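What follows is one structure encoded as C-alpha cells, with my remarks underneath.
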Amino acid sequence: MDLFDTLRVVALPTTTNFRGITVREVALIQGEYGWGEFSPFLEYDDIESAPWLACAIEAATHPKPQLYRTHVAVNGTIPALNNPADLERIIDSFPEVKTFKVKVGTNVSEDLYRLDVVRTLRPWAAIRIDVNGLWSVDEAEMFINSAGDIEYVEQPCATIEELSELKKRVDVKIVGDEILRKAKDPFAIDLAGAVDYLMLKVQPLGGIKRAHKIAEHHNLPVVVSSALESAVGINYGLTLAASFEEMNFDCGLGTGSLLAKNVGELPIVDGKIAISEVIPNLDGLDVSADRFEWWKNRIMRTAELLQ
Ligand SMILES: [Mg+2]
C-alpha cells in the first residue's frame with residue numbers, strides 16, 4: 001500500500017491565539033512503524049516543507065532509535081499574551097513544570113510584564129525567553145540587562161553576525177533555533193562563537209537521524225522543542241529528546257496544552273511526559289474535502305523534492 005493512501009488531515013483548535021493561529025491543521029500518515037506527522041505551517045513553501053515530510057516518512061517507516069529515558073521533562077510555553085487571566089490559565093495548564101519559556105520580542109513593557117507574572121506565580125521556576133530573531137543587537141542587550149535571571153535566550157537576533165556580536169556583550173547563554181532550521185543547509189553554517197546551545201525540532205530538521213547528524217556536526221549541547229504539533233508529532237519529538245544520552249534541559253514539548261482538541265493524550269505529569277505509542281483518534285477532526293485536497297497536493301509536490 002502506498003504510504004500516502006493512509007493520509008488523514010485533521011484540524012485542531014487551539015486554546016488561545018498562538019503565533020496568529022487558532023486552528024492547527026496537521027497531516028498524518030501511517031506506515032509499518034506507526035504514524036508520522038507532516039505539519040509545516042500553512043505559509044511555508046514546498047522547499048521549506050521538504051524536511052518536514054522526510055521526518056513524517058522516517059517516523060512511519062523506520063524503527064525507533066535507542067532511548068535513554070522513558071519520560072522527558074518539559075517546559076511550559078507562554079505565548080505573547082498580556083491578559084492576566086489568560087496568562088494564569090496557561091501557566092496552570094503546565095502542571096509541575098520547572099521551567100517556563102516565555103515568548104517575547106514585540107513590546108518591551110508587555111514582555112517584561114509577562115516575565116513578572118510568571119515569576120510571581122511560579123517563583124521557583126527557571127525562565128527562558130524566545131525572541132524568534134526579532135531584536136537588533138542593541139535591543140537584545142538592553143532587554144537582557146533588564147530582564148533579571150534568565151536560563152537562556154532563544155534566537156535573540158536573526159543573523160549569525162548579530163548573535164556573535166551579542167555574545168560578546170552579554171553573559172546569558174544563547175540558543176540557536178531559526179538560524180539552524182531556516183538555514184538552506186544546516187551543515188554549511190558556522191555557529192562557533194554565535195550560539196551556546198542548539199534548538200532541535202525534529203520536523204524542520206528532517207527527522208531523528210538527521211537531527212543527530214546536525215548536533216554532531218555542530219558539537220554543541222542540545223535542547224528539543226516542538227512546532228505546535230499534534231500528539232503524534234510531539235511523541236516523535238519526545239523520542240528525539242530521549243534518544244540523546246545527555247539532555248540537560250527541559251524540552252519545549254508540552255505544547256499539547258495549547259490545543260483544545262488533540263488526536264491523543266500526552267499528559268504532563270510531575271513536569272514530564274511519558275513517551276508512548278500514540279495511536280491517534282481522528283474521530284470528528286477531519287478537515288473539509290477542500291482542505292484535504294490542498295494538503296494532498298502539497299504532499300505530492302513536496303514528495304517530488306525528496307527524490
Ligand atoms: Mg524558537
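Note on the chain: with charges restricted to the Cβ of Lys and Arg (+1) and Asp and Glu (-1), its dipole about the Cα centre is near 340 debye. Note on the stretch 122-279: dipole from Cβ charges, positive end direction compared against Tyr152, Leu163, Ala260; the farthest Cα belongs to Ala260. In this structure the amide hydrogen of Arg24, modeled in the peptide plane, comes within under 5 Å of the amide hydrogens of Leu12, Thr14, none closer than 5 places in sequence on its chain.
Count Lys and Arg as plus one, Asp and Glu as minus one, and take only other residues whose Cβ is under 10 Å from that of Arg69; the net charge is then 0. Across the chain, the mean sequence separation of Cα contacts (distance under 8 Å, 6 or more residues apart), normalised by length, yields a relative contact order of 24 percent. If the cut-off is 12 Å between C-alpha atoms, which aspartates and glutamates fall inside it for Lys64, apart from same-chain ones fewer than 8 positions away? Within the straight-line cut-off, Lys64 pairs with Glu32, Glu277. When you work out D = kT/(6 pi eta Rh) for the stretch 186-307 at 25 °C and 0.890 mPa s, using the Kirkwood radius from C-alpha pairs as Rh and the Stokes-Einstein form, the result is 151 µm²/s. Only Cα sites of the stretch 71-274 enter the Debye sum here, all with the same form factor; the resulting log10 I(q)/I(0) across q = 0.12 1/Å is -0.58, listed in q order. Of the DSSP beta bridges with both residues in the stretch 71-274, give the percent that are antiparallel, rounding to the nearest 5. Looking only at bridges with both residues in the stretch 71-274, the antiparallel portion is about 20 percent.
Here the sum of -39500 (n - 2.57) over DSSP H runs of 4 or more residues, divided by the residues of the chain, equals -10500 deg cm²/dmol at 222 nm, to the nearest 500.
Magnitude of the charge dipole for the stretch 160-278, about its Cα centre and with charges confined to Cβ atoms of Lys, Arg (+1) and Asp, Glu (-1), is about 260 debye. Of Tyr236, Tyr44, the sequence from fewest to most neighbouring Cβ atoms within 10 angstrom is Tyr44, Tyr236. Within the straight-line cut-off of under 17 Å between alpha carbons, the lysines reachable from Lys182 are Lys201, Lys213, sequence neighbours fewer than 8 places apart in one chain being disregarded.
Charge dipole of the stretch 112-177 (Cα centre as origin; +1 on each Lys and Arg Cβ, -1 on each Asp and Glu Cβ, all else neutral): 300 debye, rounded to the nearest 20.
Take each peptide in 170-176, 217-223, count the other Cβ atoms within 10 Å of every residue, and average; sorted highest first, the result is 170-176, 217-223.
Residues Ser136, Ser226 in ascending order of nearby Cβ atoms (within 10 Å, fewest first): Ser136, Ser226. Report note on the peptides 189-201, 114-126: ranked by the mean count of other C-beta atoms within 10 Å, highest first, their order is 189-201, 114-126.
Values in this text are rule-based calculations from the coordinates and carry no lab data. On a predicted model such as this, the values are computed, not experimentally measured, just so you know. So basically every Cβ, Gly included, is an ideal-geometry build from the backbone, and we count neighbours across all protein chains shown.
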